[in-house]
């Protein structure tokens, strides 16, 4: 794993984690009950708003550190796919779902690549560390 590749993963994690943490914070600070009611209006269980907001805040912070990168990325892919289908698809690409699609694409890249050299995941799982050091980038 090259240094530039590792730094790229770090920057992607930092951007995506911060973005999700801020979006989750807004769900709580704007009144989670309001967010829950909005979820209900979309045909989603209102209780799901609490889980999504918590995932965005806590998961975003964990993602910035590179903890559980692949798991969080998989969950974010699901959240963004639902957001696109339930909320943004009718608005079209521009002014619609381009941000969610970007978040989904970054999540997919992190799901495939993992957290990289500069992550807690890399420190916690030495067996993966050994595999990563033998991987060549083309």
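Only one of the listed residues (94, 18) is loosely packed, with under 15 Cβ neighbours inside 10 Å, in contact (Cβ under 8 Å) with a residue 24 or more places away in the chain and assigned to a helix (DSSP H, G or I). That residue is 18.
If you scan region 41-66, which residues turn out to be assigned to a loop (DSSP other than H, G, I, E, B) and in contact (Cβ under 8 Å) with a residue 12 or more places away in the chain?
Taking region 41-66 as the starting set, the residues that turn out to be assigned to a loop (DSSP other than H, G, I, E, B) are 42-47, 66.
Within region 41-66, 42, 43, 44, 66 meet the criteria.
Looking only at region 107-126, count every residue that is in a loop (DSSP other than H, G, I, E, B) and touching a helix residue (DSSP H, G or I) at 6+ places or on another chain (Cβ under 9 Å) and tell me the total. Qualifying residue count, region 107-126: 6. With respect to the conditions (1) part of a helix (DSSP H, G or I); (2) at pLDDT 95 or above; (3) closer than 21 Å to residue 125 by Cα, residue 104 lacks only one, and its number is (3).
From the list 89, 85, which residue is loosely packed, with under 14 Cβ neighbours inside 10 Å, under 23 Å from residue 35 (Cα atoms) and modelled with pLDDT under 95? So the residue among 89, 85 that is loosely packed, with under 14 Cβ neighbours inside 10 Å, under 23 Å from residue 35 (Cα atoms) and modelled with pLDDT under 95 is 89. Of all residues in region 24-74, those that are surrounded by fewer than 18 Cβ atoms within 10 Å (Cβ to Cβ), within 19 Å of residue 105 (Cβ to Cβ) and touching a helix residue (DSSP H, G or I) at 6+ places or on another chain (Cβ under 8 Å) total 2.
The values are calculated or read from the model by the stated rules, or taken from the named source; none is laboratory data. Since this is a predicted model, take the numbers as computed values, not measurements. Neighbour counts run over all protein chains shown; Cβ positions are idealised from the backbone, glycine included.
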